[in-house]
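The values are calculated or read from the model by the stated rules, or taken from the named source; none is laboratory data. All of these numbers come straight from a predicted model, not from anything done at the bench. Every residue, glycine as well, gets a Cβ built from its backbone with ideal geometry; the counts of neighbours run over all protein chains shown.
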């Protein structure tokens, strides 16, 4: 994995997952949601998938270290911060109603 990818991937994956979960919530609150599908279950599954992918990115950064210790340390910190951001932004999906 190149250094630029190692440094940019954690928060790139986070923003893609964040946008996907909250776009799914917007669709769930619209009239276009399939009537037989529970939106809360779909949102929790999407948030869990997004968090698992974020954990996988961090694991990959740690498992295949960079040759440069600065890049490795920075990428690990960014990966951990992005995983924390994924957990934090998934909390409303777990604790609040889907539509108000």
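Within segment 27-45, the set of residues being without any contact (Cβ under 8 Å) to a residue 24 or more places away in the chain and part of a helix (DSSP H, G or I) comprises 27, 41, 42, 45. Summed over segment 55-100, the residues that are buried (at least 17 other Cβ atoms within 10 Å of the Cβ), under 16 Å from residue 45 (Cα atoms) and at pLDDT 95 or above give a count of 1.
Out of all the residues in segment 46-99, which are without any contact (Cβ under 8 Å) to a residue 60 or more places away in the chain, under 15 Å from residue 20 (Cβ atoms) and over 12 Å from the mean Cα position of the chain (by Cα)? Once the filter is applied, which keeps residues that are without any contact (Cβ under 8 Å) to a residue 60 or more places away in the chain, under 15 Å from residue 20 (Cβ atoms) and over 12 Å from the mean Cα position of the chain (by Cα), segment 46-99 yields only 92. Within the set 24, 7, the sole residue that is on the phi < 0 side of the Ramachandran plot, part of a helix (DSSP H, G or I), in contact (Cβ under 8 Å) with a residue 24 or more places away in the chain and touching a helix residue (DSSP H, G or I) at 6+ places or on another chain (Cβ under 6 Å) turns out to be 7.
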